[in-house]
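One structure is given below, encoded as structure tokens.
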Amino acid sequence: MLPFALKKLVFYAYKRGMMKMFGCVFCQVAAHEKPAKILYEDAHCLVLQDINPKAPVHLLVIPRKHITSLNENLENDKALLGHLLIVAARLAKEQGIDGTGYRTVINTNAEAGQTVFHLHIHILGGRILHWPPG
Ligand code: 5GP
Ligand code: ZN
């Protein structure tokens, strides 16, 4: 019998491999296998420029870990989720949009407009953002 920690490691490696095989773009970006304009990275996450920006500043904060969406059981990822928000605020400040304002958005599933099924936080700013969003 494999110890639990080893099983978890094997499962995680398998899941990562499957995600790359089935072409999760953000797993590929995180592994530096797909080019992207990366503004920040650390052991847990990356911040990149959106390929199709909807505002003068449009960044994406993505965890290195493949999480499909907020619908996953994230009880064990509370620290990671908090970290993503703190990094988002830091990058907004670096981009100079903290004073004027910015929006952080997580789209979950089709009707909300999720197109990439690897959790990501949009940071949008540099223009007036209307409310409610369309
Ligand atoms: P969603 O619609 O899932 O909330 O957001 C996905 C975002 O990822 C979109 O704004 C889209 O423009 C962006 N995107 C999709 N593929 C790529 C890519 O390969 N590179 C980068 N930098 N952004 C991407
Ligand atoms: Zn992924």
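The values are calculated or read from the model by the stated rules, or taken from the named source; none is laboratory data. Remember, predicted model here, so these are calculated numbers, not experimental data. Cβ placement follows ideal geometry from the backbone for every residue including glycine, while neighbour counts extend to all protein chains displayed. Please note that ligands, DNA and RNA were not included when accessible areas were found on the heavy atoms of the full protein model with its side chains. Shrake-Rupley method; radii C 1.70, N 1.55, O 1.52, S 1.80 Å.
Tabulated data
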| read-out | value |
| --- | --- |
| Residue match in region 89-106 (condition: out of contact with any Leu (no Cβ under 8 Å at 6 or more places or on another chain) and within 21 Å of residue 69 (Cβ to Cβ)) | no |
| Pairs with Cβ under 8 Å, 6+ apart, first in region 23-40 and closer than 15 Å to residue 115 by Cβ and touching a residue at least 60 places away in the same chain (Cβ under 8 Å), second open to solvent by 40 Å² or more (accessible area, probe 1.4 Å) and within 10 Å of ligand 1 (Cβ to nearest atom) | 24/117; 25/34 |
| Cβ-Cβ under 9 Å pairs, at least 6 apart or on other chains, region 98-125 side at pLDDT 95 or above and open to solvent by 40 Å² or more (accessible area, probe 1.4 Å), far side more than 11 Å from ligand 1 (Cβ to nearest atom) and among the aromatic types (Phe, Trp, Tyr) | 103/131 |
| Exclusive hit being at pLDDT 95 or above and more than 14 Å from the chain's Cα centre (by Cα), set 44, 32 | 32 |
